[in-house]
Structures are given as structure tokens and as C-alpha cells.
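The values are calculated or read from the model by the stated rules, or taken from the named source; none is laboratory data. If you're wondering where the values come from, they're calculated on a predicted model, not measured in any experiment. All Cβ positions, glycine included, derive from the backbone under ideal geometry; neighbour counts span all protein chains shown.
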């Protein structure tokens, strides 16, 4: 037997495989395919203080080695999560994290406060790739000052584990990581999607209604690996790696580069059983290479 358990900002995961926000619903949607309690952690879809309808269709597009999305954080709001979703997931034997999004710092704070008392939600993932409406639409996570400001404000009111999800659309992601670590983040997850677009040549127009959207899938993996490697050397808190993980080998590469855990995203749309396959693949890798503990391979590069 090998030890697969890891600790993420004070939360013990049975294994290092998590599912990425926006790709796994609330977890319940996948329970017909797999035993979701086997997964180390599930990050539920982006949750905001009020209900959001999302962007107009079309808002997803397949691209070479990946996909674009501009869903726009469609969800029924945090009160709906607390009253309707939480009672359905609270007794499932895994760790659920809520991805918290907002357009103002006040939005983030109010949403986090409402999640504080949910005993079976051990932490939140702060999505700082959202546009800050008070600053002309620039994402919170694209400057050290704004990333630190929103992290500090949420840390002040939220008393459980605080994970901050970093945007790759920056010049130096390590600086952003250090800024949120200083203001109380317990862990960081990276990368969020890269900004991209797709064009329909026959119609001579952009495919997405919003023109641009977030690129995910295998196309972003080399960028994600590089950023995880950089950030893991810049901070002392755990790093959760994501971006184009489609197999156990991909996940292992992120762990070797410095990730304590990983998140599986776009691959869930192709194979709903991929997360458990990756868990099994990581275990097989450790056995074949005679490692007793997943921690033995974290950041060995």
C-alpha cells in the first residue's frame, strides 16, 4: 500500500486528485458514472452572491487541443447553494470546496460569509480572474495590489481553508502568488483559463457571443506546468496544479513540478470517469517506481 493522502491548507484529502470548478457541476451530476467519494476533493461550480444567467449562447467552442468557454458564471446564487445543494452533498465522504466569484470585493466577502457556517464545506476557492467592475473591468487577479486586497478582505471574514485560484493572464504569476500568500491564503490553485478566441471563417465572425473566452484543455498544459513550477518555488503554501490534465501521466508531471494536488477539468467532458482513472494511475506509478508516499515525488524537478 502507498500513501496517497495530502494536506491542502489544513484540509486532509484522501488522494491528490480534485475536480475543477465549472467542469463537474456540484458532483452529484457525475454520481451515475463513478463513486464520487473516491475523489480527493470536488470544487463546485462558480458561486456568486446573487443569481446569474450567464452570457448569451454560443458560449462554448471546441478548438485545436482544447476548448473555449464564456459561460459567464451561470448559477443560482449562494443562498440557493446553502438551502438546496448543501443538504444533498454534505454527507458524501469527500471534501467539497465552493468556488467563490464576484464583481466587487463586497460581493466576495458577502458570499464567503454565508459559507462560513457550513460544517461540511472545509474551504473555498477564491476565483480572482473575475472582472472588477469598480476598476473598469480589470480582473482582480491581474495585479498584486488587487489580488492582495480581495484576499485580505475575504480572509478577515472567512475562517476555514482559503484557496486562491490564480489567473495566467499576467506577466509574473509568482508575484501574485506571493501577494495572496502574504494576505492569508492557505493554498493557491493554478492556472485558470488563458484568454483566447475562435473564428468562423465562413460566417466571418467570432464563434463565441462574447468574442473572447477562456481556453482550457491540453493546449494550455505546457504553460500551466511552467507556472506551477515557478510558483511552487516562490511560496511556502501548497500549490494545486491544473491546466490540460487528461491522464495520470499529466497529473504526475504537475506533481513532479511542485503541485501537492491537481485538479481535473476539461477531461471530465470527454470521460466522466477520468478522475478515478487518474487516482488509480498515480497509485500504479508510485508502486512501479517503489515510492511509499505521494509526498516523495512532490517538486522533485
* **Qualifying residue in segment 215-233 (condition: in contact (Cβ under 8 Å) with a residue 24 or more places away in the chain, in contact with a helix residue (DSSP H, G or I) (Cβ under 6 Å, 6 or more places away or on another chain) and part of a loop (DSSP other than H, G, I, E, B))** => no
* How about segment 256-301: which of its residues are in contact (Cβ under 8 Å) with a residue 24 or more places away in the chain, surrounded by fewer than 18 Cβ atoms within 10 Å (Cβ to Cβ) and closer than 20 Å to residue 233 by Cβ? -> 256, 295, 297, 299, 300, 301
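Looking only at segment 104-125, which residues are within 16 Å of residue 50 (Cα to Cα) and within 18 Å of the chain's Cα centre (by Cα)? Give the derivation first.
Just the residues of segment 104-125 that are within 16 Å of residue 50 (Cα to Cα), to begin with: 104-115.
108, 111, 112, 115, listed by residue number.
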* Among the candidates 213, 217, which residue alone is at pLDDT below 95, surrounded by 23 or more Cβ atoms within 10 Å (Cβ to Cβ) and more than 27 Å from residue 122 (Cα to Cα)? -> 213
* Give just the number: which of (1) in contact with a helix residue (DSSP H, G or I) (Cβ under 9 Å, 6 or more places away or on another chain); (2) surrounded by fewer than 16 Cβ atoms within 10 Å (Cβ to Cβ); (3) under 21 Å from residue 11 (Cα atoms) does residue 131 not satisfy? => (3)
* To do: Scan segment 60-77 residue by residue and report those that are modelled with pLDDT of 95 or more and either closer than 20 Å to residue 11 by Cβ or assigned to a loop (DSSP other than H, G, I, E, B) (or both).
  => 76, 77
* Asked: Any chance segment 135-153 includes a residue that's surrounded by 16 or more Cβ atoms within 10 Å (Cβ to Cβ), closer than 28 Å to residue 92 by Cβ and either over 16 Å from the mean Cα position of the chain (by Cα) or in contact (Cβ under 8 Å) with a residue 40 or more places away in the chain (or both)?
  -> no
